Amino acid sequence: MLRKVLIGLAALVVVLGVFIATRPSTFRIERTTRIAAPPDVVFALVNDFHAWPRWSPWEHLDPSMKRTVGGPPSGAGATYAWTGNDKVGEGNMRITESVPAQKVGIRLEFIKPWASVAQTDFGFRPEAGGTQVTWAMTGKNDFIGKAFSLFADMDAMVGKDFENGLVAMRREAEVDAKKRSEASTAAAPAAAAPGTAAPAEPAATAK
């Protein structure tokens, strides 16, 4: 009897393994939103890792999270590493592509709770009165990733974080755009005001 049970369990494991192996070997998660701010304003929030705490959906999950920003101040080569609790894990990012006001490409590496590498891309497309922002993440599913997908919808899980992040990004970008507009409006009258003519020198007195 025990032998039959063991054989049955072994067969079940084999069937499950075959089924997991047939799951998609790649994944893509994408969300899009519209922001009432110029592309360069939104781009600046993504292209500079120092600005990520203002909008990233993961920044406030662990108040004690340790962050390390390195490389150039912004753009290609800039790096960001983090270590935190179980909610944020451990990993690092590096900007691999930076096209002003158009695109930011990032290599994203997770170390904990499990090791994996993904590609993250932000696209910025001008629209009437604002910018369409697309946030996408693509990667490969190893056997563990395929097995995980049987029990959790990764698109729903990570996609919700993307949605929250884009909401925060919209808020911050629109604040920055408003400040820039107000500063430009305030500077315009001063630039338009005629300069004060220098006082004329007194005429020389004939002797």
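Of 87/179; 103/160; 87/178; 66/140, which pairs sit farther than 32 Å apart, going by alpha carbon to alpha carbon? Beyond 32 Å: 87/179; 87/178. Legend: calculated FRET efficiency, residue 26 to residue 117, from the Cβ-Cβ distance at R0 = 22 Å, rounded to 0.05, equals 0.95.
Computed from phi, the 3J(HN,Hα) profile of the range 64-75 under the Karplus parametrisation 6.51, -1.76, 1.60 (θ = phi - 60°) reads 9, 4, 9, 10, 9, 9, x, x, x, x, 7, x Hz, with x in place of Gly and Pro.
Among residues other than residue 164 with Cβ under 14 Å from its Cβ, the summed charge is +2 (Lys and Arg +1, Asp and Glu -1).
Note on the range 21-180: semi-axes of the ellipsoid equivalent to its C-alpha gyration tensor, largest first and rounded to whole Å, are 27, 18, 15.
Computed from the coordinates by the stated procedures, all read-outs in this text should not be read as laboratory data. Here the structure is a predicted model, which means the values were calculated and not measured. Glycine also receives a Cβ, built like all others from the backbone with ideal geometry; neighbour counts cover every protein chain displayed.
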